[in-house]
Amino acid sequence: MTRRAVARTLVYLSLIAATLVVLLPLGVVLLTSLKSEKEMADGGGALSLPDDPLNFHNYVSAFEGGEMLSAFGNTAVILLFSIGGTVLIGSMTAYAIDRFTFRFRKLVVALFLIAALVPGVTTQVATFQIVNSFGMFDSLWAPIVLYMGTDIVSIYIFLQFVRSIPISLDEAARLDGAGAFTIYRKVIFPLLRPAIATVVIVKGITVYNDFYIPFLYMPSEDLGVISTSLFRFKGPYAAHWETISAGAVLVILPTLIVFLSLQRFIYNGFMRGATR
Amino acid sequence: MADVTEKTAFRSGAGAAPAAPAPAPAPPRRRLRLRRGITPWLFLIAPLALLITFTYVPIANMAAYSLTDWDGVSPELNYTGVGNYTEIFTREDLFRVFFVSGYYLAASVVQIVAALYFATILSFNVRFRNFFKGVLFFPYLINGVAIGFVFLYFFQDGGTLDSVLSLFGYHSDHAWLGTPVSANTSLAGVSVWRYMGVNFVLFLGAIQSIPGELYEAAELDGANRWHQFRYIIAPGIKPVVTLTVILSISGSLSAFEIPYIMTGGATGTATFVIQTLNLAFRFNKTGLASAAAIVLLLIILLVTWVQRRLVPDDRVDLV
């Protein structure tokens, strides 16, 4: 009996330790973001509490000086187009692959499958030349097109769902005179709603957090997305940890809100997305 | 829409052989079959165009560049054979990045063990379970640049880590990111912090898909928690663990964001990807960079192939 109690205590202790490891670095950054420049210079240590817990001065300077407004705007545009495109393209591909038998079908499937194994980071050296030759370098189109074109995970998620939709529904619609496109639009697409939610969440978080593609393809300052704009804090605010911290908190906050409100769907989405 | 394309396809087919007499109008059944044959392609044009343009053409080009000394801009490029490849494996300063991957590989072991432990204990009845679950998973969702800054401050002189240590009476003047060994260890630690949650959630999902009666039956047979883990959970989640191991290996080799944001590859922390990007975009050695990328790609494909052999995974087939 006592052995069990000891085991239980150890389990809780390990959970509390893990919680501290996760939350402490984040909490300290939150504290730092609320301190004034003077408090930072006084050197009260990273763990000291800010004098004025409602001092949002750093947030204002991070938001304005870091051009976070335009960063959030650019991110929103990219999110809108690339998620819309991914949903359309993924569901169309899944519909075509699952509902038709045609020549080279196996080849098409193999092309998508093999592409899933190629890590995007490795091919950017050559992809860069192609994006450049289309004149998309340093425009919002580069990330939009790249996010749309390389998402095999969402095709896979859609495929699982299309397969679970009974073919008798297609047949009934066909008897009513519906063509393939009408069937896709009126029968399949609406039934894909759960899959669409999954793809929107997984894709949305990936795009919101991506650093690599915008950093490589959109060097212009006015084309900053939240990752690259935050990265630029490194220059002008190099030693101003209070401002950098405020910027980091500004970027983390939307993720936290989305996570807290959609928790269950996010877990499901990632389990579905990650096991491909 | 289908009709238009079908007609143009038809017409261009006739145009290819102008000498032939005008073909008789196709019988309705043949037209129907033709239309059915074209319909899937109408849905696939856009995805396939994107896939080929942004995945397969780059790979083909990269293979071609890797055999040249191209600088990425000038129209001039000379065929150098496998020269770039021998350079990668013989020049010590280029080869060194593989040792950096070792830190991330070691970190993945820590990460997988921790994820397994927390997934197991949180699959049993624990108070505040959802809270702990959320806390452990949340870092995975945070923006990489924000994580980089959080941990730059964490390892800063007089930053979070030093302050915590001084709480315990240990006053360090250690520059955490100052030497290659300590910097790489710190950076690999950050990736454990960042990615442990996703492994944890995957394992948790796999454990929860094991039917609950198994535990009850085992408990009746007098099995304790360790027996339950050893004989029920471990075999049940083996496929997911193998998958995670593979993903960790390719992840360790292609580590980029955290080291790039935090150190920019300074003090011996440059990883394979950082080096490749520097070669390509800073030193204009597109040929050499392409060869490096091809090497990385081949390693990752090999690792994946080995995994498919070890764990034939039926979830992976698309059809």
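The values are calculated or read from the model by the stated rules, or taken from the named source; none is laboratory data. From a predicted model like this one, the values you see are computed outputs, not experimental measurements. Heads up, the Cβs are rebuilt from the backbone with ideal geometry, glycines too, and the neighbour counts pull from every protein chain shown. These accessible areas exclude ligands, DNA and RNA; they are computed on the full protein's heavy atoms, side chains included. Shrake-Rupley method; radii C 1.70, N 1.55, O 1.52, S 1.80 Å.
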Task: Cα gyration tensor, the range A:5-79 - rounded (a/c under 1.5), prolate or oblate - done: oblate
- [ ] Enter the buried accessible area of the B/A pair, total of both sides, probe 1.4 Å, in Å² rounded to the nearest 100.
- [x] 8300
- [ ] Heavy atoms only, probe 1.4 Å: what % of the accessible area of the range B:180-233 goes to carbon and sulfur, would you let me know?
- [x] 61
Open item on the list: Tell me which DSSP H helices of chain A clear both cut-offs, 18 Å or more of axial length from alpha-carbon atoms and a mean Kyte-Doolittle hydropathy of at least 0.0.
Closed with: A:2-33, A:68-99, A:105-117, A:120-133, A:152-164, A:193-209, A:241-274
Task: Local electrostatic count at B:Leu288 - Lys and Arg +1, Asp and Glu -1, tallied over other residues with Cβ under 11 Å - done: -1
TODO: For a quick protection proxy, order the peptides B:185-197, A:13-25 by their average other-Cβ count within 10 Å, most packed first.
DONE: B:185-197, A:13-25
Task: P(r) of the protein assembly as shown over all Cα-Cα pairs, binned every 10 Å from zero, in whole percent - done: 3, 14, 23, 25, 18, 10, 4, 1, 0, 0
Task: Peptide ranges B:74-80, B:41-47, A:43-49 listed from the most packed, as the mean C-beta count within 10 angstrom indicates - done: B:41-47, A:43-49, B:74-80
- [ ] Report the net charge of residues surrounding B:Tyr153, where surrounding means a beta-carbon distance below 11 angstrom and charges are Lys +1, Arg +1, Asp -1, Glu -1.
- [x] -3
Task: GNM flexibility winner over chain A from A:Leu140, A:Leu250, A:Leu169 (Cα, springs under 10 Å) - done: A:Leu169
Open item on the list: Give me the inter-chain shielding for B:283-295: mean count of other chain Cβ atoms within 10 Å, whole number please.
Closed with: 2
Open item on the list: What does the net charge come to around B:Thr120 if you take all other residues with beta carbon closer than 12 Å to its beta carbon, with K and R at +1 and D and E at -1?
Closed with: +2
TODO: Please report the Cα spread of chain A along all three principal axes, rounded to whole Å, starting with the longest.
DONE: 77, 68, 34
TODO: Compute the relative contact order of chain A as a whole-number percentage, counting only Cα pairs closer than 8 Å that sit 6 or more residues apart in sequence.
DONE: 31
Open item on the list: Using 0.36 nm times the number of residues separating B:Glu76 and B:Thr242, minus their current alpha carbon distance, what extension gain do you get?
Closed with: 55.2 nm
Open item on the list: I need the Kirkwood Rh of chain B: take the reciprocal of the average 1/r across all distinct C-alpha pairs and report it in angstrom.
Closed with: 24.5
Task: Contact order relative to length of the range A:206-276, as percent, for alpha carbon pairs under 8 angstrom and 6 or more apart - done: 19
Open item on the list: Taking the 0 to 90 degree range and rounding to the nearest ten, how far is the long axis of helix B:286-310 tilted relative to the main principal axis of chain B, both from C-alpha atoms?
Closed with: 80
- [ ] Compute the acute angle (0 to 90°) between the alpha-carbon long axis of helix B:180-208 and the principal axis of greatest extent of the alpha-carbon atoms of chain B; round to the nearest 10°.
- [x] 70
TODO: Give the carbon-plus-sulfur fraction of the accessible surface of the range A:83-216 in %, rounded to a whole number; probe 1.4 Å, heavy atoms of protein chains only.
DONE: 67
TODO: Ignore the peptide's own chain and count Cβ atoms of other chains within 10 Å of each Cβ in B:226-239; give me the average, rounded.
DONE: 0
Open item on the list: How shielded is A:111-119 by partner chains, expressed as the average number of their Cβ atoms within 10 Å of its Cβ atoms?
Closed with: 6
TODO: Can you give me the three principal axis dimensions of the range B:134-250 from its C-alpha atoms, in Å, biggest first?
DONE: 55, 34, 26
TODO: With a point put 7 Å past each Cα toward its Cβ, work out how far A:Thr206 is from A:Ser36 in nm, to one decimal.
DONE: 4.7
Task: Degrees separating the helix B:28-51 axis from the principal Cα axis of chain B, which is the longest one - done: 40
Open item on the list: Along the charge dipole of the protein assembly as shown, pointing to its positive end and built from +1/-1 on Cβ of Lys, Arg, Asp and Glu, which listed residue (B:Phe124, A:Val29, A:Ala173) has its Cα farthest out?
Closed with: A:Ala173
Task: Dipole magnitude of chain B about its Cα centre (Cβ charges: Lys, Arg +1; Asp, Glu -1), debye to nearest 20 - done: 1480
Open item on the list: Per residue, how large is the accessible surface of the range A:200-276? Use a 1.4 angstrom probe and give square angstrom.
Closed with: 38
Open item on the list: If I model a spin label at B:Glu216 and A:Thr2 as a point 7 Å from the Cα along the Cα→Cβ vector, what separation in nanometres do I get?
Closed with: 3.4
Open item on the list: Just want to confirm a number: the relative contact order over the range B:150-214, from Cα pairs under 8 angstrom separated by 6+ residues, in percent.
Closed with: 18
Task: Accessible surface, per residue, of chain B when the full set of protein chains is kept, probe 1.4 Å, Å² - done: 50
Open item on the list: Only Cα pairs within less than 10 Å get springs; with that Gaussian network setup on chain B, which residue of B:Thr242, B:Thr86, B:Thr39 has the largest fluctuation?
Closed with: B:Thr39
Task: Potential extension, A:Phe102-A:Ile114 segment - 0.36 nm per residue separation minus Cα distance - done: 2.3 nm
Task: Computed lengthening from A:Ala76 to A:Asn132, 0.36 nm per intervening residue step minus Cα-Cα distance - done: 17.8 nm
TODO: Amide H neighbours of B:Thr68 under 5 Å, at least 5 residues apart or on other chains, H built in the peptide plane: list them.
DONE: B:Thr80
Open item on the list: As an exercise, use a Förster radius of 22 Å and the Cβ-Cβ distance of B:His227 and B:Arg127 to find the FRET efficiency, rounded to the nearest 0.05.
Closed with: 0.40
Task: Calculated [θ] (222 nm, deg cm²/dmol) that DSSP helices of n ≥ 4 give over the protein assembly as shown, each run adding -39,500 (n - 2.57) - done: -22500 deg cm²/dmol
TODO: At a Cα cut-off below 26 Å, give the lysines reachable from A:Lys38, other chains included and same-chain residues fewer than 8 away excluded.
DONE: A:Lys234
